[in-house]
1. Would you work out which of Met340, Ala285, Gly377 lies farthest towards the positive end of the dipole of segment 267-380, given +1 charges on the beta-carbon of Lys and Arg and -1 on that of Asp and Glu, about the Cα centre?
2. Please report the carbon-and-sulfur percent of the accessible area for segment 21-108; probe 1.4 Å, protein heavy atoms only, DNA, RNA and ligands left out.
3. Top to bottom by accessible area (1.4 Å), largest first, where do His251, His335 land?
4. Using protein chains only and a probe of 1.4 angstrom, how many square angstrom of Thr376 are accessible, to the nearest 10?
5. Run the 1.4 Å probe and let me know the accessible area of Arg371, rounded to the nearest 10 Å².
6. Once phi is turned into θ = phi - 60°, what whole-Hz ³J(HN,Hα) does the Karplus curve with 6.51, -1.76 and 1.60 give for every residue of segment 84-90, x standing for Gly and Pro?
7. Give me the net charge for the shell around Leu58: Cβ to Cβ below 11 angstrom, other residues only, Lys and Arg +1, Asp and Glu -1.
8. What does the highest-first list of 301-307, 269-275 look like by mean Cβ count within 10 Å?
Amino acid sequence: MRRFLSILSATAFSAVFSATLLPGVARAGEASVPVLVPLTGFLSLEGTSQRNGAVLALKDAPADVAVRSEVIDTGTSPEAAVTALERAAGGTVTAVAASMLGTQMLAMLPLAQDYGIPLVTVSGTASITEQGNPWVFRFFPGDAVTKEAHARYVTEELGKKRPAVIYQTTAYGQSGKAHLEQAFKTLGVEPVFEEGVDPAAKDLLPVLTKALAAKPDVLVLHLHSGPTALFIRQAAANGVAVPIVAGSAMHQPSTAALLEPAELKGVCAETAASPISGGSPEVEAFTAAYRAAFNAEPDAFALGQYDGIRMVLAAVQAGAGNAEAVRKALSAGTHQGLAMTYRSDGKGNMAHSAVIVCYDGASRVPAIAKRYDNVTGVVR
């Protein structure tokens with residue numbers, strides 16, 4: 001914890017950093033882990049959390065592992081992500097903390113396989129682990145996990161049978177929509193309304209109005225951070241009484257900060273974890289360290305990326321001396337992280353649990369309402 005709290009502020013990580021060994025500590029290995037994430041554009045809030053989690057893990061590397069890293073902003077275009085990976089691959093790379101944006105991940109996958117570089121990500125887009133690519137490892141539960149939790153909470157816990165689904169038109173949104181449809185179908189529920197919205201939309205009142213006209217008993221969102229906050233703000237301003245169960249973007253403290261606590265009353269969301277909600281001494285220590293390092297609140301994206309990079313560093317410490325050895329360790333190993341226990345399902349899906357968090361209207365800190373552990377049954 002003392003080492004955690006001595007970490008420099010986030011501004012010190014904007015370019016290149018390296019961690020040298022402590023005096024008298026024998027070297028177990030070296031790790032070069034570039035951080036290639038979206039820091040500008042519509043995914044900047046989520047991308048910044050991802051970067052911070054990776055950076056915190058690298059700064060807290062085992063004392064006998066020497067670390068090198070560089071942070072590169074991938075923006076939101078696939079081309080920028082590919083360029084960033086090509087630049088990073090110019091040296092010897094152990095693994096990459098790779099963009100959480102699905103379209104960027106899909107663009108980087110062939111290149112990662114060509115170069116032989118493990119991509120460690122928290123992208124929720126289901127298709128990134130359906131390409132038969134052995135170099136991708138997702139440390140955030142994919143839509144097959146989170147959308148099952150999402151749909152089960154709506155139907156089993158809230159008892160709702162007429163959901164209206166509003167999703168993003170991005171690859172992330174399309175993936176979530178497809179998995180929500182399947183999960184609801186399995187539960188014997190059919191949405192009464194479905195519509196996609198562009199992440200650049202400045203007014204979501206038209207789609208809200210159309211959704212309410214279908215007489216839903218719950219509004220189910222699968223949107224990025226900004227659109228999620230906009231939708232909830234407009235719903236609150238118009239006195240909408242229909243409950244809202246949102247996607248993982250809503251659990252982010254940076255998303256909640258865009259809203260007044262009263263606007264959040266009764267809103268719930270699915271996610272992998274909620275560090276600010278506590279739960280264990282280790283998670284609380286991580287949250288304190290994150291606050292000290294970045295003067296911000298951590299979310300599940302930060303914690304998932306932290307856990308992923310920590311698994312990489314543990315592999316290096318145990319003797320994985322190159323990217324191929326790290327890939328094998330991630331593929332076959334089990335890692336007890338802070339958010340959950342991680343193990344690959346054979347496709348690179350490492351995370352298999354989810355939680356539902358809900359806001360009480362008095363605070364921006366949600367409470368964990370329901371846990372869905374080991375949804376896939378992979379962890380043994």
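The values are calculated or read from the model by the stated rules, or taken from the named source; none is laboratory data. Just so it is clear, the model here is predicted, and its values are computed rather than measured. Cβ coordinates were reconstructed from backbone atoms using ideal geometry, including for glycine residues, and neighbour counts include every protein chain displayed. Please note that ligands, DNA and RNA were not included when accessible areas were found on the heavy atoms of the full protein model with its side chains. Shrake-Rupley method; radii C 1.70, N 1.55, O 1.52, S 1.80 Å.
1. Gly377
2. 53
3. Numbers: His251 5, His335 35 Å².
Sorted by accessible area, descending: His335, His251.
4. 70
5. Ignoring ligands and nucleic acids, Arg371 comes out at about 130 Å².
6. 5, 5, 4, 5, 5, 6, x
7. +2
8. Final packing ranking: 301-307, 269-275.
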